[in-house]
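Below is one structure, written out as C-alpha cells; the observations come after it.
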Amino acid sequence: MTLTAITRRAALAAGLSIAATGAHADAHTLDLAGKTVEWIIPFSETGGSAKWANFYAPLLSEALPGQPTVVVRFMPGAGSTKGANYFQEQSYEDSEGTVIFGSSGSTQFPYLLNDPRVRYEYGDWNVVLASGTGGVAYLPPALAEKLGEDGSAAALGDEDFIYGSQGATRLDLVPLLAWEMLGLQVEPVFGIEGRGDGRLMFERGEANIDYQTSSSYLGGVAPLVEAGTAVPWFSFGALDDDGNIVRDPTFPDMPTFKEVCEATEGCETSGPKWDAWKAFFVAGFPAQKMVFLPQGATEEAIATYTEAFEAIKARSDFAEISEARLGVYPQMTGAAAEKAKADATQVPDEARDFVTGWLMDRYGVSLN
C-alpha cells in the first residue's frame, strides 16, 4: 500500500485552490480542522482512478470545513475487491468522516456478477459524488494501418493480440467482449493491478492492444499518440437522454465501438451478445467512479461532503481544469448521484446470465 498526501500547499502550488471563506466550519457542526481524510482507492497509483482521485483531493481539502489534509491511499489487490472489502469493514462511528472510498467499474462488476470474493454491499454505502467517464481503445501504428477507413476490424482477424488485464470479471470485460464481437483473437494477461500497468505493457511492447478510461488516456496515452507510438481506434461512446450510444463528448471525432461494429462484417448491434455488452457498458461507464462515506454515516456528514463537491463543481474554472484531467462528463451529487449509483449497481438478469456463461466458456471463470 502506498500513500499520496495532497495538502493545501500542494493545491495552491498547482493553482487549484478554492477561496476559503471561513464559513465552512460555521455552516456545519462536522468540522474537520486539523484532521486527515483518508481516501481509499482500490487500485495502483498508475491508472484512471488514481488520476481522478488526485485531481479531486486538493480541491476537496479546500472545500471541506476545516480544510483537512486529504490523503489518497492506494490499496490494490484482487481486482479492487481487497480495498472494497476493507472499506466495508469501516464504520462512520469509528472514522467520523475521515474515511472515504473511491469505487470504479472494476469494483462494481464483481458485485454485479456475484463474485465470491465480494464481501461488500453497495447498499450500505453513502454516495456523495458520481463521475461519468469514457474509454478509448488504441493500437500500435503498424496494426492501426490495417484498419478500414471506417474503423473496420476485418483485416485484423488473423492477428494475435496480447492485452494486459486486471481480470475478466472487472471492467476489462467490456473491451474483451467488444474485441471478440469484432472477430479479434485477443489473449489477455491477467493480474495487473491497474489499467496504468496495462498501458506500461503496451509501451514496453509486451502488449499490442489496450484501452484506457478517459482520464488515463488523456494523461498517459495522448502523449504516446503525439509521439507516434499509439493510434486511437474507437471510444466506447456515451449515452444520450434516450439511452442511445452516441459519440463521446471528450472525443467527438473518434468513432464509437457501435460504429466500428456496424462497419465490421460479422459484428452485430442487436441480439443477446450486444444487449449484454451494452448493459455492462451502461453499468461501467456513465457512473464509473463514485465517492462513498461508510455505513452509518450521518445526514450531516453526507450533506457536508455533498456540499463540498458541489462547491468544487461551482468553481468558475472547474470546466476548464476538469476537461484537461477528466474529460467532459457529468459530475453528479445529491439525487443525481443516487440515481447513478442505482444504475451502476444493477443489470438485467439476462445480461448477467449471458456474461456469466461467456466468462466460463471463454476464460474458464466460474462464479458459482
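Here are some notes:
- Quarter of Cα convex hull surface for the stretch 70-117, i.e. mean projection, nm²: 3.7
- Quarter of Cα convex hull surface for the stretch 246-368, i.e. mean projection, nm²: 10.8
- DSSP loop GluC sites (Glu not before Pro) with at most 13 other Cβ within 10 Å: longest gap in the chain: 269-368
- Using alpha-carbon coordinates, inclination of helix 272-284 to the longest axis of the chain, degrees: 20
- Gaussian network model of the chain, Cα within-10 Å springs - most flexible of Asn244, Asn126, Asn85: Asn244
- Shown in residue order for the stretch 304-317 are the 3J(HN,Hα) couplings computed by the Karplus curve 6.51 cos²θ - 1.76 cosθ + 1.60 at θ = phi - 60°: 4, 5, 4, 5, 5, 5, 5, 5, 5, 5, 7, 4, 5, 9 Hz (x for Gly and Pro).
- Projecting the Cα positions of Tyr163, Thr81, Ser95 onto the charge dipole of the chain (unit charges on Cβ atoms of Lys, Arg, Asp and Glu, taken about the Cα centre) puts Ser95 furthest along the positive direction.
- Positive-end residue, the stretch 96-151 charge dipole about Cα centroid, Cβ charges, pick of Pro110, Val127, Leu139: Pro110
- Think of each Lys and Arg Cβ as +1 and each Asp and Glu Cβ as -1; about the Cα centre, that makes the dipole of the chain roughly 880 debye.
- Among Gly220, Gly284, Gly194, residue whose mean-square fluctuation peaks in a GNM of the chain (springs only between Cα atoms under 10 Å): Gly220
- Magnitude of the charge dipole, the stretch 113-155, Cβ model with Lys/Arg +1 and Asp/Glu -1, debye to 20: 160
- Reach of Lys82 by Cα under 24 Å, taken over lysines that are not fewer than 8 positions away in the same chain: Lys51, Lys289, Lys341
- Computed on protein heavy atoms with a 1.4 Å probe, the accessible areas place Val128, Val231 in the order Val231, Val128, largest first.
- Per residue accessible area of the chain, 1.4 Å probe, in Å²: 39
- Over the chain, dividing the summed -39,500 (n - 2.57) contributions of all DSSP H runs of at least 4 residues by the number of residues returns a 222 nm mean residue ellipticity of -11000 deg cm²/dmol.
- Over the chain, relative contact order from alpha-carbon pairs under 8 Å, at least 6 apart, %: 24
- Debye-sum result for the stretch 315-368 in log10 I(q)/I(0), which assumes one identical scatterer on each alpha carbon, at q = 0.13, 0.26 Å⁻¹: -0.60, -0.97
- Most mobile listed residue (Asp115, Asp197, Asp210) in the chain, GNM with C-alpha springs under 10 Å: Asp115
- Rounded to 0.05, the FRET efficiency of the Arg325 and Leu239 pair, given R0 = 22 Å and the Cβ-Cβ distance, is 0.50.
- Relative frequency of Cα-Cα separations exceeding 40 Å in the chain, percent: 13
- Among the protein heavy atoms of the chain, carbon and sulfur supply 48% of the accessible surface, probe 1.4 Å, non-protein parts ignored.
- Ellipsoid equivalent to the stretch 80-194 - semi-axes via the Cα gyration tensor, in Å: 37, 14, 11
The values are calculated or read from the model by the stated rules, or taken from the named source; none is laboratory data. Predicted model, so just to flag it, every value in this text is computed and none were measured. Virtual Cβ from ideal backbone geometry, glycine too; neighbours counted across all protein chains shown. Accessible surface is based on the protein model in full, side chains and every heavy atom, while ligands, DNA and RNA are left aside. Shrake-Rupley method; radii C 1.70, N 1.55, O 1.52, S 1.80 Å.
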